[in-house]
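Chemist: Submitted below is the structure of interest, expressed as structure tokens.
Here, each number is a calculation from the coordinates, and none is a lab measurement. Nothing here was measured: the structure is a model prediction, and the numbers come from that model. Every residue, glycine among them, receives a Cβ derived from its backbone with ideal geometry; neighbour counts consider all protein chains shown.
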Amino acid sequence: MTSVSVFSDSPGSESTVSEAPPNSEHTTHFSFPFSMIRNQRAATVTSVQSVPVKQKSLTERIPTFKSLMGQVREETKSSRASLSASQSSDASQPNGVLKSHLSRKVSKTFEKGATIVWKDLTITVSERKGAASKAVQGVTGYARPGSMLALMGSPESGVSTLLQALAGKLPTTAKVYGEILLNGHPRKFRNRTYAYVKKQDELIETLTIRETLFYAALLQLPDRLPCSEKLARVDYLISEMDLEDLSGARIGKCGEIGALTRGKRRRVSIALQLLTKPWLVFVDHPVDYLDSVSAFVVMGVLKKLTNEGCTVITSIEQMNSEVFNLLDKVCLLSSGKTIFFGRATAALEHYASAGMPCPAMYNPADHLLRAINTEYDRVNAPFRFAQDSEHGEMWGQMDTAVIIRTLETMYQASGDAALVQSMVSHLSEKEKTILDRGGCASPFMRLGIVTWRSFLNMWRDFNYIWLRLIVSMLLTICIGSLASKIGHSYNSVSARIAAIFSVVSSLSLVAISGFPSILKDIKVHMHEREIGYTGVLMYTIGNLLSSALYLFLIAVTSTSVGYFLMGLQTAFSPFVYFVVNIFLCLLAIEGLMLFVASILPRALEGILTIVVIQVLMIVLAGYYQVSGDMPNPVWKYPASYLPVHAYAIEGLLQNEYETTTFDAVSRRSPPISGIDAIKRDYPFAVTDIGKWNILLVLAGMAIAYRIFFCICLIISQKLGSRRTVHKSST
């Protein structure tokens, strides 16, 4: 029996052939013929195009596809038949002989790899009203190198919760009781040794498939690995996921015309996690939104990973028969309790022994799940009666709760449960080497990739840069044209203050249009941070460097026209100060949006919060009411000293009027300076700070908001890492 290697450590070698270890306990080695299928497709298409014959059907044009699928099924069935006979002989032996026999079989399997064991695992999840419900109750099982385990059940069965618990990804509201061991040690994952594919796809929508995988490879793989090998891994995964024709297509927003479908996005998300050749792979609902062929392709790739000694654990709520035939073991759950754990084919035997055989020409996965689904009793009843009429059994008239209790009781008293307990005890005692795949890219490399990727994402995101730029230019042109005939007399000071105030307020409010893009970018970063490839500080610096260039572009283009339309000072130095002041103001507002996004991850709530904060800042800026007349202790101190707008407007007014002198109102009075003139309408702008120090204040605010942003993300990371496993006292 041969096994095909997914990746090779030597550059330029894509696959190798090696003999599978004999008598591997519960391990099915399987070679998935992707290249044969593609070659047959290409040859068939060429022959059809060259010979002008009558149009044939799809099955006639590709006669080998069914034969290949049959070959895969027969190969898998033969391997499982031998394993079934081996397990039956093990179950009949005494306990001591069984353990020694298991020890000999374990030693012949993969020496390296990830063996994960969980004992009496109970997971409670706190609900909104404070009550805690048990999502998983007393579950025991294991997963070994070279095998693919599927956690199967209905949406409320607890399969996703169990997968998250094994991967260490449970929310902070959940508590785990029991024991989880990895290679005989308390579970602790290291970088590049495991992969976790979430149910929700977190992808950068503006990047192409190839760019997404290539940048991920640069972040995840070490610098010592040649770039050519990184590209080879990217091309290999694109080919295996059947995405060659779409490698240059952008991810796009789900549901938009021209964007990738959910199934293709799912394949990209899985490919992202396979770049590092992990020892242990957790995939939450890998076949969701996939058609039958795409699901078979994805599960085939995961099956090939097991030939390299990888341990694959998935949670699945529905699948076709082709996918079911690829599984080595299944763990059936209903209401958080174990209905069956063991070989996939043995699950059908377990149902048959309980009087519920799978009908002929029927999907075995549907048969296993439909019988224990408590949510659709009335829907399932006609199917059960139909099966009852075919096989003459009485289970079609039984309630789902009775069926579940029957299956659960029979499993607890079966040899399968005893074998699981023996294997768990043996694997818990046998300590293996702690897994390690080496480090990832260097910090400077990752910072450069994060910065460039963010820069490219902002450039392609119309709402983040270009929409803001267009709207900002239109607003400054409108304000400038309205203030174009104000003049430069003493009586024009009030109107000029209003024009400058309007420019600062409008540009800061337009910046809110970039909040949804910031929110999406933060979600991608949080997903990458959970894996360990980027850090909070690295993301913050990269975002600051990439966004600063675009914000400076907005400040220059939007103020250039409006500045001269309003008739402000024509000297070069005041113009440069005006642009830099606006740029730092936008940079501070951008930091404020990052801070809010770290606290409120929902777009609507975040946008409303930023609007309220900015409106309060505009009101407290001192234009509508002098700060000295504001009531204490909240509005004057400290609220009136917090708005970004107040310092920006103060600096711009000092920049405009510090060298201006107006003629005296009467012959006996001295000339009026520009600073004295604005005291009449805007006293808050007359302070001892100075316009250059105001730039330092704005820069400090921009940095301070980003520091708050980092603190919030670090706190969320600390809270998320407190997912402790409490050892059971029983």
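Chemist: How would Trp692, Trp459 line up from fewest to most surrounding beta-carbon atoms within 10 angstrom? Working shown, then result.
Modeler: Numbers: Trp692 11, Trp459 15.
Listing Trp692, Trp459 from fewest to most nearby Cβ atoms yields Trp692, Trp459.
Chemist: If you don't mind, another one. What nm value, rounded to one decimal, do you get for the distance between Asp291 and Leu231 when each label is placed 7 Å out toward the C-beta?
Modeler: Once both label points are built, they end up 3.2 nm from each other.
Chemist: Starting from 0.36 nm per residue, how many nanometres of slack lie between Glu429 and Asp120 once their C-alpha separation is accounted for?
Modeler: 109.6 nm
Chemist: Treating each Cα of region 449-720 as an identical point scatterer and ignoring solvent, apply the Debye formula and state log10 I(q)/I(0) at q = 0.09, 0.15 Å⁻¹.
Modeler: -0.44, -1.10
Chemist: Here's a follow-up. Cβ under 13 Å from Arg468's Cβ, Arg468 left aside: what net charge do those residues give with Lys, Arg +1 and Asp, Glu -1?
Modeler: -2
Chemist: Mind listing the long-range amide H neighbours of Val136? Cut-off is under 5 Å, sequence gap 5 or more, other chains count too, H placed in the peptide plane at 1.01 Å from N.
Modeler: For Val136, whose amide H was placed from the backbone, the distant partners under 5 Å are Ile123.
Chemist: Further question on the same structure: Could you give me the ³J(HN,Hα) list for region 244-253, computed from phi with Karplus coefficients 6.51, -1.76, 1.60 and θ = phi - 60°, whole Hz, x at Gly and Pro?
Modeler: 4, 5, 10, 4, x, 8, 6, 4, x, 7
Chemist: Same structure again: Quick one: which of Lys277/Lys523; Lys134/Lys303; Lys198/Lys304; Lys230/Lys523; Lys175/Lys520 span more than 22 angstrom between C-alpha atoms?
Modeler: Correct reply: Lys277/Lys523; Lys134/Lys303; Lys230/Lys523; Lys175/Lys520.
Chemist: Please list, ordered by chain and number, the residues whose modelled amide H lies under 5 Å from the amide H of Thr115; skip anything fewer than 5 residues away on the same chain.
Modeler: Amide H neighbours of Thr115, under 5 Å, 5+ apart: Asn183.
Chemist: Quick one: which residues, 5 or more positions from Leu207 or on another chain, have an amide H under 5 Å from its amide H? H modelled 1.01 Å from N in the peptide plane, none for Pro or chain starts.
Modeler: Ile251, Gly252
Chemist: May I pose another question? Taking loop as defined by DSSP and a crowding limit of 15 other beta carbons within 10 Å, which trypsin sites (Lys or Arg not before Pro) in region 444-544 fit? Don't skip to the answer; put the middle values down first.
Modeler: Working: sites: Arg446, Arg453, Arg460, Arg468, Lys485, Arg496, Lys520, Lys523, Arg529; in loops: Lys485.
Filter output for region 444-544: Lys485.
Chemist: Given the Cα-Cα distance of Leu604 and Phe572 and 0.36 nm per residue of separation, how much length would full extension add, in nm?
Modeler: Gain on extension, Leu604 to Phe572, equals 7.3 nm.
Chemist: Need one number: nm distance between label points at Asp366 and Met630, each 7 Å from Cα along Cα→Cβ, rounded to one decimal.
Modeler: Here the answer is 6.7 nm between the modelled labels.
Chemist: With Cβ to Cβ distances under 10 Å as the rule, what net charge do the other residues near Glu211 carry (K, R +1; D, E -1)? Mind dumping the intermediate values first?
Modeler: Numbers: positive: Arg210, Arg250, Arg453; negative: none.
Local charge sum for Glu211: +3.
Chemist: A follow-up question, please. Taking neighbour Cβ counts within 10 Å as the exposure measure, how do Trp279, Trp118 sort from fewest upward? Kindly include the intermediate steps, with their values, before the conclusion.
Modeler: On the way: Trp279 27, Trp118 22.
Going from sparsest to densest Cβ surroundings: Trp118, Trp279.
Chemist: Pop a pseudo-label 7 angstrom from the Cα along the beta-carbon direction at both Phe564 and Thr173 and give the gap in nm to one decimal.
Modeler: My value for the distance between the label points is 5.8 nm.
Chemist: Efficiency by 1/(1 + (r/R0)^6): what FRET value for Lys199 and Arg460, r their Cβ-Cβ distance, R0 = 22 Å, to the nearest 0.05? Please list the in-between numbers first.
Modeler: Values: r = 27 Å, r/R0 = 1.21.
Efficiency at R0 = 22 Å is approximately 0.25.
Chemist: Figure the gain on full extension for Lys718 and Asp223 (residue separation times 0.36 nm, minus the Cα-Cα span) and round it to one decimal in nm.
Modeler: Between Lys718 and Asp223, full extension yields 175.3 nm more.
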